[in-house]
Amino acid sequence: MKEKDKERVYSLIRDHEDYIGSARIAMLALNSFISSIKELESDPDTIRDQFAELIETIKYTKPRIVPLIHLIKAFEKEMEPHFEKDVEEIKAEAIAILKRLHDKLQSNVGRVIEGGLKHIQENDLIVVHTASTDVTRMLVMAKDVFQKRFRVLILKQDFIKTKQLIKSLSEANIDLLVVPEYSLSHYLEQADKLFVGAVSVTHDNKVLSPIGSANIVSLCHVNRVPVYLFANSLKFSYHPSSSQRIHKKVVSVSEGDISFILTTHSHDIFDLSQVDFLITEEGTIAKDSIEGYVDRLRSLARL
């Protein structure tokens with residue numbers, strides 16, 4: 001695949017991850033992989049190389065979509081013994097493996113949402129900064145299914161990103177207060193907790209998260225507003241934060257009679273130590289136990 005085509009793929013993945021989260025984009029990517037295999041026309045001499053080309057592209061997304069990378073590496077390992085078969089058998093095995101991996105991630109996500117529901121209490125004011133699909137579903141279920149009464153403080157960022165969150169929560173008749181993200185300081189005394197998602201948790205105990213999250217998490221942490229991080233175990237990376245391939249964009253901007261170079265990044269990084277509760281598919285891990293949980297994950301699964 002040409003470098004230009006790779007960059008298009010990375011941009012597409014990055015844009016979708018902004019709206020639906022890294023776990024959801026991983027599931028979408030696996031389904032797309034399955035669809036492409038069904039349409040693939042190849043021969044025994046080239047099919048391995050065709051698979052390898054796409055796998056290598058997925059491994060180096062900007063930023064690293066860690067759940068997808070873990071799953072694609074598992075796929076690569078499971079597929080290795082099957083390339084001696086005929087093309088149709090190879091395709092059938094590949095589809096079966098990808099479906100199993102998709103279902104595993106989907107199960108993890110569902111259990112994280114189930115665990116998160118326990119932390120939505122009556123009359124809570126919950127701060128939400130990102131349009132995470134999992135957090136949105138959790139809040140909607142808490143209202144629709146469990147009839148809990150709570151309010152959500154939405155910190156407005158780029159309106160395209162915030163629009164769907166407002167729409168989904170409004171349709172569920174959840175009591176909303178929408179303010180600019182820079183106005184959070186006026187509501188800290190009222191806030192009960194912050195819900196935040198992650199793209200990944202890195203080997204040096206940093207959280208890669210949507211842009212703007214670092215400031216919000218830091219402000220809540222300093223002011224003793226509990227920070228709840230939702231991250232299934234497939235989001236834990238064995239790479240440091242410095243190698244997460246965060247996308248950097250440099251553009252020329254003109255405003256009024258001034259022209260300047262504006263540099264932006266696609267994602268933020270904050271310390272895992274600022275998290276009070278980590279919610280995974282295994283349940284809730286309190287602050288004092290988070291480091292031990294992460295160490296156990298890495299020793300058992302090399303994540």
Inset, instruction - List every residue pair whose Cβ atoms sit under 9 Å apart, with the two residues 6 or more apart in sequence or on different chains, where the first one lies in segment 255-276 and is in a loop (DSSP other than H, G, I, E, B) and the second, anywhere, is among the charged types (D, E, K, R) and open to solvent by 80 Å² or more (accessible area, probe 1.4 Å). - result: S266/K248; S266/K249; V275/K287; D276/K287
Legend entry - Looking only at segment 203-244, and only at residues there that are among the hydroxyl-bearing types (S, T, Y) and closer than 18 Å to D192 by Cα, the one that is most open to solvent (accessible area, probe 1.4 Å): S218
Inset, instruction - Assess whether K287 counts as being surrounded by fewer than 19 Cβ atoms within 10 Å (Cβ to Cβ), out of contact with any Gly (no Cβ under 8 Å at 6 or more places or on another chain) and under 24 Å from I160 (Cβ atoms). - result: no
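How many residues does segment 138-167 hold that are open to solvent by less than 30 Å² (accessible area, probe 1.4 Å) and modelled with pLDDT of 90 or more?
Here the count works out to 8.
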Inset, instruction - Determine whether segment 76-85 contains at least one residue that is modelled with pLDDT of 90 or more and open to solvent by less than 60 Å² (accessible area, probe 1.4 Å). - result: yes
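Looking at Q147, is it without any contact (Cβ under 8 Å) to a residue 12 or more places away in the chain and over 30 Å from G292 (Cβ atoms)?
The answer is yes for Q147.
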Inset, instruction - Six or more apart or on different chains, Cβ under 7 Å: which pairs go from a residue in segment 28-49 that's without any contact (Cβ under 8 Å) to a residue 24 or more places away in the chain to one that's assigned to a helix (DSSP H, G or I)? Could you list them? - result: L28/H16
Inset, instruction - Check whether at least one residue in segment 140-156 is over 16 Å from the mean Cα position of the chain (by Cα), within 19 Å of Q274 (Cα to Cα) and among the acidic types (D, E), and report yes or no. - result: no
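Which one is farthest from L297 (Cα to Cα), of the residues in segment 176-202 that are open to solvent by 80 Å² or more (accessible area, probe 1.4 Å) and not hydroxyl-bearing (S, T, Y)?
Among residues in segment 176-202 that are open to solvent by 80 Å² or more (accessible area, probe 1.4 Å) and not hydroxyl-bearing (S, T, Y), the one farthest from L297 (Cα to Cα) is H186.
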Inset, instruction - Residue by residue through segment 96-110, note down the ones that are under 21 Å from D43 (Cα atoms) and either open to solvent by 30 Å² or more (accessible area, probe 1.4 Å) or free of Cβ contacts under 8 Å to residues at least 60 places away in the same chain (or both). - result: A96, I97
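The values are calculated or read from the model by the stated rules, or taken from the named source; none is laboratory data. In this text, all values refer to a predicted model and were calculated from it rather than measured experimentally. FYI the Cβ positions are ideal-geometry reconstructions off the backbone, even for glycines, and counts take in every protein chain you see. The accessibility values were calculated without ligands, DNA or RNA, using every heavy atom of the protein model including side chains. Shrake-Rupley method; radii C 1.70, N 1.55, O 1.52, S 1.80 Å.
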